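The structure under discussion appears below in the form of structure tokens.
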Amino acid sequence: MTPIIGFAGYSGSGKTTLLEKLIPLLKQKGIRLGLIKHSHHTIEPDKPGKDSYRLRHAGCAQTLLATKERHMLYFEYPEPERDEPQLAECVAQLDHSQLDLVLVEGFRDESIAKIEIHRPEYGKPLLYPQDPYIIAFASDAPAPQGCHLPQLDLNQPEQVADFILQWMSGSASEITGKS
């Protein structure tokens, strides 16, 4: 199975900004990346009036739009009371033969390895004390007293990339000298 690492933090903590910087760094190292992002908002990635939009809205449960540059697979869930998406279901939809690593933004409560993204000035609670799956703490300030997780500088995406590469090789403690 493809390794999966999540980025957990409250809205506005900088998860997307970090990932925007991190993805090119990992790609430069030859890592083929997949990304799953959870959103609480309704999204419409297609344009009304386009053929794909019209055909999708005609009633298909699944639509694959294919071009030479990319494929986009749409799943339609007409039940308005549908539960939140399940990470395992999303992971299963990826083509793992083309991936070395899956990055996950959101799905904060899932039982996967995660890096906590935290900005103390936002006043949000810490996640790591209640989440045994958090393997590192990334912040723009020193980690709280007593935090024994590897500490990463949120403003140094190269450091976060190095940590992930070490984690993938099974030796993440080497980067910070902590276990």
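The values are calculated or read from the model by the stated rules, or taken from the named source; none is laboratory data. Nothing here was measured: the structure is a model prediction, and the numbers come from that model. Cβ: placed from backbone, ideal geometry, glycine included. Neighbour counts: every protein chain shown.
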task = Hey, could you check the range 32-55 for residues that are over 18 Å from Leu94 (Cβ atoms), of a type in the set (D, E, K, R) and surrounded by 11 or more Cβ atoms within 10 Å (Cβ to Cβ) and say which is modelled with the lowest pLDDT?
result = Asp46
task = Taking Asp109 as meeting all but one of (1) in contact with a Lys or Arg (Cβ under 8 Å, 6 or more places away or on another chain); (2) in a loop (DSSP other than H, G, I, E, B), write down the number of the exception.
result = (1)
query = If you take the residues in the range 94-120 that are small (Gly, Ala, Ser) and in contact with a Phe, Trp or Tyr (Cβ under 7 Å, 6 or more places away or on another chain), which one is surrounded by the fewest Cβ atoms within 10 Å (Cβ to Cβ)?
reply = Ser111
key: Matching entry among Glu89, Glu79 (being outside the structural domain of Tyr10 (by TED's automatic domain parsing) and more than 13 Å from Ile5 (Cβ to Cβ))   = Glu79
request  = Among residues belonging to the range 73-106 that are among the acidic types (Asp, Glu) and either touching a Ser or Thr at 6+ places or on another chain (Cβ under 6 Å) or not in a helix (DSSP H, G or I) (or both), point out the one that is nearest to Pro24 (Cα to Cα).
outcome  = Asp100
task = Taking Pro129 as meeting all but one of (1) under 19 Å from Tyr10 (Cα atoms); (2) at pLDDT below 95, write down the number of the exception.
result = (2)
task = Return a yes/no flag: does the range 80-89 have any residue that is under 27 Å from Gln159 (Cα atoms) and either hydrophobic (A, V, I, L, M, F, W, C) or in contact with a Phe, Trp or Tyr (Cβ under 7 Å, 6 or more places away or on another chain) (or both).
result = yes
ask   = Got a number for residues in the range 125-139 being assigned to a loop (DSSP other than H, G, I, E, B) and either of a type in the set (Val, Ile, Thr) or within 19 Å of the chain's Cα centre (by Cα) (or both)?
value = 5
